[in-house]
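Remarks on the structure that follows.
The values are calculated or read from the model by the stated rules, or taken from the named source; none is laboratory data. Fair warning: this is a prediction, and the values are worked out from it, not measured in the lab. No Cβ is skipped: glycine too gets one built from the backbone with ideal geometry, and neighbour counts run over all protein chains shown. Note: accessible area is taken over every heavy atom of the protein model, side chains too, but ligands, DNA and RNA are not part of it. Shrake-Rupley method; radii C 1.70, N 1.55, O 1.52, S 1.80 Å.
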Amino acid sequence: MKIRFNIAILQMLLSAGTTFAQETGDYGYLALPVSAHAAALGGLAVSIVEPEVALAEDNPALLCPEMNGQLALGYMNYVSDVNLGHVAWGGRFLELGGWMGSIRYLNYGTFDGYDESGVSTGTFSAQDIAFSCGAGYPLSERWRVGGLVRALYSKYESYSAFALSTTLGLNYYNEVNGTSLSVTVSELGGQLKAFEDSHCKMPTDIQVGWSNELEHLPFCLSVTAYKLLDWDDRYVDGSGQLHKWTGGEQILTHLNFGAEWIANENLWFAAAYNYRRQREFSGSGGFLRGLSFGGGFKYRGFSFQAAYARYNAVDGSLNIGLSYQFF
């Protein structure tokens, strides 16, 4: 007889060596960036106004007509055999707006199964899938609003779960001085079907992002406040030790700082620093563990992006993005 896994134990196995799951709940994979551009900026880029459909996964208010006919593909090797894939398509919505549809797939690899006597029953897999659809539309010349709905399906061994969530976004963009300000409320919803008797918590979050293109200089600076619904002063570092945030750390742990060098309209490089990740993903608090960086270029409708960042206590993650503008 095949052993009946307790789903809590199985989820612990799947998240072994990772920190995003314990940070954001059982749907913590939704916090991983599907855009390499966002990954280069620390995975938090709700105020970056660019016609890239993958960026709209985090803030649907960024959806615009310029994304019409854009196909985006993304891949991240999260850690070991855990891989994240993403595909998105953008379209025009009521002339002045934009819409998108996407699929996000996280595969945890294969596991060895055993019965109650310790006899092998073969292997089994585990995966999370998110189907998303959203639209954005301008309220005025400088204000845009957007919404996105996700259907979330998970299958771990013989267990499965289903949930629905929505993300709402608002963006203010002043093209004259290059200032962008965004507010998002993400992953509002809940499970319709649980793995067992207990329902998983959705990783609901509020983010506030500010970006500014410097006058006469090819740089864009950004600051994003996140996890504004969670002010717990305790954390576990990469060595498993329990700590408490002290003093000004409580503020720093909710801020992500990014900078982007825009060489021209077809080439960019970016880097970011995240204090929370530096402390949580390193027993010694190594500064480099809080850094992320990447770049991208465009050529005749084709775009390539790559970024490197750390989203777990084990190893860094490489994020690659490809897109093409068909029309």
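Each residue of segment 269-278 was assigned a 3J(HN,Hα) from its phi angle through the Karplus expression (A = 6.51, B = -1.76, C = 1.60, θ = phi - 60°), giving 9, 9, 8, 8, 9, 10, 5, 4, 5, 4 Hz with x at Gly and Pro.
Largest GNM mean-square fluctuation across A40, A56, A306, computed for the chain with C-alpha springs under 10 Å, falls on A306.
3J(HN,Hα) along segment 76-85, derived from phi through the Karplus expression 6.51 cos²θ - 1.76 cosθ + 1.60 where θ = phi - 60°, amounts to 9, 8, 5, 6, 6, 8, 8, 10, 10, x Hz, with x in place of Gly and Pro.
In this structure I320 has an accessible area near 60 Å², from a 1.4 Å probe over the protein heavy atoms.
Over the residues of the chain, the helix contribution to mean residue ellipticity at 222 nm works out to -2000 deg cm²/dmol, using -39500 (n - 2.57) for each DSSP H run of at least 4.
Database remark: amide H of L318 closer than 5 angstrom to the amide H of N77 (H placed geometrically; neighbours at sequence offset of 5 or more, or on other chains; Pro and chain starts carry no H). Among the protein heavy atoms of the chain, carbon and sulfur supply 61% of the accessible surface, probe 1.4 Å, non-protein parts ignored. Summed over the residues of the chain and divided among them, the accessible surface reaches 46 Å² per residue at a probe radius of 1.4 Å. Taking the Cα centre of the chain as reference, the dipole from Cβ charges on Lys and Arg (+1) and Asp and Glu (-1) amounts to some 120 debye. Our coupling estimate for segment 41-55, obtained by passing each phi through the Karplus curve with A = 6.51, B = -1.76, C = 1.60 and θ = phi - 60°, is 9, x, x, 10, 9, 6, 10, 7, 8, 9, x, 10, 5, 5, 5 Hz, Gly and Pro reported as x. Using the beta-carbon distance between V176 and I206 and R0 = 35 Å, what value does 1/(1 + (r/R0)^6) give for FRET efficiency, to the nearest 0.05? Approximately 0.80, to the nearest 0.05.
Rolled with a 1.4 Å probe across the full set of protein chains, the surface gives W89 an accessible area near 80 Å².
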